[in-house]
Amino acid sequence: MQKNRLLWASRRGMLELDLLLQPFVENHYDLLSDDDKQQFHLFLELEDQQLFQWLVQKEKASDSNTQRIIDIIHASRKRTQ
């Protein structure tokens, strides 16, 4: 997926998700391995409510690949703060 399309896909119906996902795509996506990029694409196909629950760490994802992406997003925020 092209970066412009990823930026568009990272715009969600919730401001909280936009504030997490858009900076991640802009600043960290290019550093991901090809496998992690593919997992991130799958991650973006999930429902906003579920993404919100995971990204604010109220729940852990049962799928280890999804949890890996969540962990990478959280780690990227710590590096840019």
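No value in this document is a laboratory result; all are computed from the given coordinates. Because the structure is predicted, anything quoted here is derived from the model rather than measured. Here the Cβ positions follow ideal geometry from the backbone for every residue, glycine too, while neighbour counts run over all protein chains shown.
Counted by Cβ distance under 11 Å from Leu6, the other residues give a net charge of +2, where Lys and Arg count +1 and Asp and Glu count -1.
By the count of neighbouring beta-carbon atoms within 10 Å, fewest first, Asp18, Asp35 end up ordered Asp35, Asp18.
Put in order of Cβ neighbour count within 10 Å, fewest first, the listed residues Arg77, Arg11 become Arg11, Arg77. Each Lys or Arg adds one and each Asp or Glu takes one away; over the other residues whose Cβ falls under 12 Å from the Cβ of Leu42, this sums to -2.
Calculated mean residue ellipticity, 222 nm, the chain: -21000 deg cm²/dmol, from DSSP H runs (n ≥ 4) at -39500 (n - 2.57) each, averaged per residue and rounded to 500.
So I have [x] 16, 14, 13; [y] 43, 22, 12; [z] 20, 15, 11, and one of them is semi-axes √(5λ) of the Cα gyration tensor in Å calculated from this model. Which one is it? Correct label, based on the coordinates given: [x]. Going from the residue with the fewest nearby Cβ atoms within 10 Å to the one with the most, Trp8, Trp54 rank Trp8, Trp54.
Only the Cβ atoms of Lys and Arg (+1) and of Asp and Glu (-1) were treated as charged; on that basis the dipole of the chain about its Cα centre amounts to roughly 240 debye.
Note on the chain: GNM, Cα springs under 10 Å; of Leu44, Leu17, Leu32, the largest mean-square fluctuation is that of Leu32.
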